[in-house]
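The values are calculated or read from the model by the stated rules, or taken from the named source; none is laboratory data. This is a predicted model, so every value here is computed, not measured. So basically every Cβ, Gly included, is an ideal-geometry build from the backbone, and we count neighbours across all protein chains shown.
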Amino acid sequence: MKTTRRSFRVCLAAAVLAPVFFAGCESSDSESDDWSGSSSSQPAAESQQAQSAAATAETKTAAAAAPAAKTAAAAPAAAASTASTQSNASAAQPSSAATGGAAGQTAASALAADAVPFSSLKWHFGGKPKASGARQSSVEIAGLSIGSSKLSFRYKKDLSAWGLAYGEAGAIACLFVQKENGQWVGGKFDWISSSRTSRGFENVFAGYEGWTLAGVPNPCQAAFVIVSADGTKRSNVLAGRWAR
């Protein structure tokens, strides 16, 4: 009898505890399922975030690369433009040779013209220097007037251009006359300074240093020029009619 009651009690306890046991198992399974679902969704979210971050990085990289690409594309055009500008500037600027040549021509054109070609004057009288190789330089004379016994003129640029003081008779007055055959002969006949603008013909008439008027018509054409004492520089040549 006791055994029967004890068995009944065990069966009753088992019947009472069975639902609780199964409910606990179901809860455990549900919790297990929830954990598995949460665990599986987390990598998916992280993957999406990584892809989003990668896309953002690519967008920023492309945006940063765009100006560099534009700069690189513009560089050849800018270089070509600069080269063109430099080429145009070089073409616009005259070369140093051309500039020097123009300056030389300007200096030459600034000198007064010779009334008689200097190369045609033959240095036969008056001693040294024989200044046939003198080059026209700075000193300029004008207004020649020739009388029977002297000549006069005026300076446009006096002998200070050659470094001579106003009253310093450090240059040479030269006279040339045209013979009947057309030849120009002459040479030195006196010293001269910036303060002297007339010279007499006494030395010519006296035969100074070989001077002679033989074969020279009267009247004749006469030429006057001033040369430096060393015979390297000269003024322009003036000319006029000389009636003795």
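Could you list, in sequence order, the residues of segment 124-136 that are more than 20 Å from Ala239 (Cβ to Cβ) and surrounded by fewer than 17 Cβ atoms within 10 Å (Cβ to Cβ)?
Taking segment 124-136 first, the residues more than 20 Å from Ala239 (Cβ to Cβ) are 127-130, 133.
Result: Gly127, Lys128, Lys130, Gly133.
If I filter segment 90-111 for residues that are modelled with pLDDT under 95, surrounded by 12 or more Cβ atoms within 10 Å (Cβ to Cβ) and outside any strand (DSSP E or B), do I get at least one hit? Before the answer, list the steps.
From segment 90-111, those modelled with pLDDT under 95 are 90-111; that's our starting set.
This time we only want the ones that are surrounded by 12 or more Cβ atoms within 10 Å (Cβ to Cβ), so: 101, 111.
With outside any strand (DSSP E or B) added as a condition, the list becomes 101, 111.
Within segment 90-111 (the criterion being modelled with pLDDT under 95, surrounded by 12 or more Cβ atoms within 10 Å (Cβ to Cβ) and outside any strand (DSSP E or B)), the answer is yes, since at least one residue qualifies.
Just give me the residues in segment 232-244 being farther than 14 Å from Asp114 by Cβ and more than 39 Å from the chain's Cα centre (by Cα), in sequence order.
Answer for segment 232-244, where residues must be farther than 14 Å from Asp114 by Cβ and more than 39 Å from the chain's Cα centre (by Cα): Arg241, Trp242, Ala243, Arg244.
Residues to consider are Gly231, Gly207; find the one that is at pLDDT 95 or above and surrounded by fewer than 16 Cβ atoms within 10 Å (Cβ to Cβ).
On the way: Gly231 fails: surrounded by fewer than 16 Cβ atoms within 10 Å (Cβ to Cβ).
Residue meeting the stated conditions: Gly207.
Among residues belonging to segment 137-156 that are in contact with a Ser or Thr (Cβ under 7 Å, 6 or more places away or on another chain) and crowded, with 16+ Cβ neighbours inside 10 Å, point out the one that is farthest from Lys233 (Cα to Cα). Give the derivation first.
Going residue by residue through segment 137-156, those that are in contact with a Ser or Thr (Cβ under 7 Å, 6 or more places away or on another chain) are 139-141, 145, 150-155.
With crowded, with 16+ Cβ neighbours inside 10 Å added as a condition, the list becomes 139-141, 151, 153, 155.
On the way: Val139: 9, Glu140: 12, Ile141: 14, Leu151: 22, Phe153: 19, Tyr155: 16 Å.
Looking at residues that are in contact with a Ser or Thr (Cβ under 7 Å, 6 or more places away or on another chain) and crowded, with 16+ Cβ neighbours inside 10 Å, I get Leu151.
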